[in-house]
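Report on the following structure.
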């Protein structure tokens with residue numbers, strides 16, 4: 001007696017379980033490391049962000065566990081998890097983009113950088129002169145890089161978290177079909 005090939009619904013369920021397990025572990029590991037680092041640095045807002053991402057990872061684990069218990073409501077939790085991570089990242093990036101302060105960079109960061117580089121025998125002013133740049137010319141460059149980095153994080157998050165939420169949403173009917181069928185004995 002041969003074992004029947006898995007149906008498309010069973011394949012979808014298996015794939016959703018695999019992806020959600022990987023993603024949930026990724027979120028939890030990154031969030032825990034972030035929370036520990038931000039706590040050590042005394043960064044309260046970073047800690048809150050890490051805890052929100054941790055919550056999203058735990059929600060994804062909960063959704064996955066529901067699916068394994070044959071509860072189709074687990075799919076809603078998987079989608080919500082991705083939407084929470086996406087919202088946290090987008091709000092964080094938007095606040096960072098709105099916080100750029102060229103004056104602070106010039107008056108606080110550059111002098112501190114100058115001192116720190118001297119510890120390694122590097123003279124910032126000489127290095128800038130060798131590149132024919134001044135501090136006033138560096139600030140717009142840093143601002144551009146700042147916006148490129150945070151803008152890229154936003155776009156990548158929209159693609160990854162948004163795409164994963166859409167994937168989970170698209171697979172809901174197939175997964176529900178697989179869960180409605182009697183379990184296959186292994």
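The values are calculated or read from the model by the stated rules, or taken from the named source; none is laboratory data. What you see is a predicted model, and the numbers here were worked out from it, not measured in a lab. As a convention, Cβ positions derive from the backbone with ideal geometry for all residues, glycine included, and neighbour counts pool all protein chains shown.
The criterion of being in a helix (DSSP H, G or I), at pLDDT 95 or above, touching a helix residue (DSSP H, G or I) at 6+ places or on another chain (Cβ under 9 Å) and surrounded by fewer than 14 Cβ atoms within 10 Å (Cβ to Cβ) does not hold for residue 67. How many residues does the range 139-161 hold that are touching a helix residue (DSSP H, G or I) at 6+ places or on another chain (Cβ under 7 Å) and over 14 Å from residue 86 (Cα atoms)? The qualifying residues number 4.
Residues checked against (1) under 14 Å from the mean Cα position of the chain (by Cα); (2) surrounded by fewer than 18 Cβ atoms within 10 Å (Cβ to Cβ):
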position	(1), (2)
42	no, yes
62	no, yes
77	no, no
93	yes, no
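Hand me the list of helices (runs of 4 or more DSSP H) wholly inside the range 103-186 holding 2 or more residues that are under 29 Å from the mean Cα position of the chain (by Cα) and within 30 Å of residue 10 (Cβ to Cβ). Before you say what the answer is, go through the steps one by one.
Numbers: elements: 110-119, 124-130, 135-180.
Output list reads 135-180.
Among residues that are modelled with pLDDT of 95 or more, under 18 Å from residue 22 (Cβ atoms) and part of a helix (DSSP H, G or I), residue 91 is not included. From 148, 159, grab the single residue that is surrounded by fewer than 15 Cβ atoms within 10 Å (Cβ to Cβ) and more than 30 Å from residue 110 (Cα to Cα). Result: 159 is the single residue among 148, 159 that is surrounded by fewer than 15 Cβ atoms within 10 Å (Cβ to Cβ) and more than 30 Å from residue 110 (Cα to Cα).
Among 175, 109, which is more than 30 Å from residue 60 (Cβ to Cβ) and surrounded by 13 or more Cβ atoms within 10 Å (Cβ to Cβ)?
Numbers: 175 fails: more than 30 Å from residue 60 (Cβ to Cβ).
109 is the lone residue from the list that is more than 30 Å from residue 60 (Cβ to Cβ) and surrounded by 13 or more Cβ atoms within 10 Å (Cβ to Cβ).
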